[in-house]
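The values are calculated or read from the model by the stated rules, or taken from the named source; none is laboratory data. Here the structure is a predicted model, which means the values were calculated and not measured. With ideal geometry, Cβ positions are generated from the backbone for all residues, glycine too; neighbour counts draw on all protein chains shown.
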Protein chains: 2
Amino acid sequence: MNRDAIGVFDSGLGGLTCVRELGRILPHENIIYFGDTARIPYGTRSRETVLRYAKEDIAFLRRHPVKMIVAACGTVSSMLGLNSPVDDIPFTGVVYPAAAAACNLTKNGRVGVIGTPATIRSASYETAVHTINESVDVTVMACPLFVHLVEYGYTDRNNAITRLAAEEYLAPIRSAGVDTLIMGCTHYPIIRDIIADVMGEGVTLISAGEEAAKFAKRCLEQQDLLTDSEEPGHNVYYVSDSVSMFRENARHFLEDAARGQVFSSRL
Amino acid sequence: MNRDAIGVFDSGLGGLTCVRELGRILPHENIIYFGDTARIPYGTRSRETVLRYAKEDIAFLRRHPVKMIVAACGTVSSMLGLNSPVDDIPFTGVVYPAAAAACNLTKNGRVGVIGTPATIRSASYETAVHTINESVDVTVMACPLFVHLVEYGYTDRNNAITRLAAEEYLAPIRSAGVDTLIMGCTHYPIIRDIIADVMGEGVTLISAGEEAAKFAKRCLEQQDLLTDSEEPGHNVYYVSDSVSMFRENARHFLEDAARGQVFSSRL
C-alpha cells in the first residue's frame, strides 16, 4: 500500500490520453503530470537531446513524492528502449505495453505503427513486437505533422488538412493489409476518428497511452503499491510554458486538466 | 571599420534566408549564426518563454566577437517590439525593416501580414506599419503549420498539404485585396512559390529576413562598421540540436550552410 502519486510526463499534452485512462481504471490514485510545453515537440529532435530532456522531466517529477514514473511519450519511450531511467521505483514507457497489446489483438499477424520521426527512426516498435512475437509483420510510418495538428486543435473529424495528411501518411500502412494499428505517439488518439475513417473498418486502433496506463496498473498491483484511499484521486498538472496556453488546449484531451490545478514551472 | 562578425539567430533554420541575403549584399562580412533547433518552434510559445530563449540566444552569440546582432526570427522580433536587447552594439529584428518596405511598396494602401501565432497575437506588424504610415490598412493571419511544413521539407511547389494549408490561411488576406504581403516569419520564403501561386499576380511578397539584411547593411554603413577585408566572408553555424539534422534540412535554405562549418552547442 502506498499513497504517493503516479508521476506522468510528456513533451506536451499527449500524455493526458494516458492520464485519462489512469483516472478511469485507478480512480483513487493521485497523479502528478509534467508537460514540457516550452520545448515540444520531442519527435523531431536528436536522440541525445530527447534523452537529455527526458532526464530533466524525470528529475522534475522526482522532486515530488512519486511511487512510479510513466513516460507517456512515444518518442522518449523509443529512445529509452528497455532501459529504465530510474532504479528505485517502477517505470514504464508506452512502447512495450502497446506492442504487447498489438501482438495479442492481431489475427492476421500484420501490425502497423505510426509515430514521430524519432520514434520511427529508432525502430523501437519493431524491436518490441519482435521480442514478443517474431512472426508478426510490422509496417511503420512517421507522421511528423500529426503532433502539431493535434496541439493546434486541428482535430475536427472534417478538418481538411488533417484528413489529407492522414490519407498521405496512412496509405502505405493500408496497402500492407494490417488489421491492427498502434498509434505510437500519445497525441494521436485525439484524431482517432480521422485515423479510423482513413484506415476503414476491420482495423483495430491501439492507443499507446492507454496501454501504458493499463500496464502501470498491473505493475502497481503486482508490487502492492496501489493506494488504500477510497477518496477520488487528485491530479496536479505542471507545464514548462504558460498555464493559459495549457488550459486553452488541454480540454481537447481531458476536461479535468483544463479545470484542475495547473502550475507553470521552469525545469 | 570593423572586422568582427555579424551575429544572426533564429529558432531554427528560417534565419538562413537572412544570412543568404547578407552574403549577397555584404560578401566580405563574416557571419556567426545560431539556430535554436533543440527548442524550435518559438511561435507557439508564450511571450515570457520566447523572451527568455532570445536572451539565451543573444548571450551565446556574444561569447564570440560580434559587431551587430540580427534577430532573424519574426517571433522574437515581435516580442521585443522597439526594445533592443543590447545597448553597446547595433541590433535589428525583422519587423520594422519589413513594415517599412511594405509601406514603400504598397500602391493601394492595403498590406497583408502572415506570421506565427505569437507574432500575430502581438500585433507587432500593425504597430510598426502604423508607426510608419497610419493610413495603411493591415490584414493579418496566423499560419501555425507553415514553420513545420518548411522544417520538414514539405516545400515542393506541388505539395498538396502545404498548398491546402496556404489556401486556407491566405483566403482572408486575398479577400482584403492587399497588393503587398509581408512574409513575417523567416521560414516562409522557402514556400514563396506556393504563397505566390495562391495570392495570384499583382501581389508583391516581402521577405522579412531579406529586409532585415538590407537594414543591417545600412546600419553598419551609417555607423562605419563595415569590414575593410576584400576576402570572401566566412560563415560559421551553430545549432542547439544535432549537426546532422541541420545539414539534412539546411540545403533547402542555403547551399553553403549544408556544406560549411557547423557545430552543435548547448546554450
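I'd like the residue in segment B:149-200 that is among the small types (G, A, S) and on the phi < 0 side of the Ramachandran plot and, out of all such residues, is surrounded by the fewest Cβ atoms within 10 Å (Cβ to Cβ).
So, considering only residues that are among the small types (G, A, S) and on the phi < 0 side of the Ramachandran plot, the one surrounded by the fewest Cβ atoms within 10 Å (Cβ to Cβ) is B:S175.
In this structure, does A:R247 turn out to be of a type outside the set (D, E) and within 14 Å of another protein chain (Cβ to nearest Cβ)?
So A:R247 passes the test.
Identify, please: which residue in segment B:35-60 is surrounded by fewer than 24 Cβ atoms within 10 Å (Cβ to Cβ) and away from every other protein chain (no Cβ under 14 Å) and is, among those, nearest to B:F91 (Cα to Cα)?
For segment B:35-60, the residue satisfying everything is B:I58.
Here's the yes/no breakdown for (1) assigned by TED's automatic domain parsing to the domain that holds B:A118; (2) in a loop (DSSP other than H, G, I, E, B); (3) within 19 Å of B:A99 (Cα to Cα); (4) in contact with a Gly (Cβ under 6 Å, 6 or more places away or on another chain):
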| position | (1), (2), (3), (4) |
| --- | --- |
| B:I173 | yes, no, yes, yes |
| B:R192 | yes, no, yes, no |
| B:P232 | no, yes, no, no |
| B:V236 | no, no, no, no |
| B:A257 | no, no, no, no |
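Quick one: is A:V86 surrounded by 23 or more Cβ atoms within 10 Å (Cβ to Cβ), away from every other protein chain (no Cβ under 13 Å) and in contact with a helix residue (DSSP H, G or I) (Cβ under 8 Å, 6 or more places away or on another chain)?
Numbers: surrounded by 23 or more Cβ atoms within 10 Å (Cβ to Cβ): no; away from every other protein chain (no Cβ under 13 Å): yes; in contact with a helix residue (DSSP H, G or I) (Cβ under 8 Å, 6 or more places away or on another chain): yes.
It is false that A:V86 is surrounded by 23 or more Cβ atoms within 10 Å (Cβ to Cβ), away from every other protein chain (no Cβ under 13 Å) and in contact with a helix residue (DSSP H, G or I) (Cβ under 8 Å, 6 or more places away or on another chain).
Can you list the helices (runs of 4 or more DSSP H) found entirely within segment A:117-158 that contain at least 3 residues being more than 14 Å from every other protein chain (Cβ to nearest Cβ)?
Where helices (runs of 4 or more DSSP H) fall fully within segment A:117-158 and carry at least 3 residues being more than 14 Å from every other protein chain (Cβ to nearest Cβ), they are A:124-132.
If A:D87 meets every condition in (1) in contact (Cβ under 8 Å) with a residue 24 or more places away in the chain; (2) over 19 Å from A:P144 (Cβ atoms); (3) not polar (S, T, N, Q) apart from one, which number is that one?
Going through (1) in contact (Cβ under 8 Å) with a residue 24 or more places away in the chain; (2) over 19 Å from A:P144 (Cβ atoms); (3) not polar (S, T, N, Q) one by one, A:D87 breaks only (1).
May I ask you to say which residue of A:G209, A:G202 is of a type outside the set (A, V, I, L, M, F, W, C), under 28 Å from A:T139 (Cβ atoms) and part of a loop (DSSP other than H, G, I, E, B)?
A:G202
Give me a count of the residues in segment B:208-234 that are touching a residue at least 24 places away in the same chain (Cβ under 8 Å) and under 20 Å from the mean Cα position of the chain (by Cα).
12
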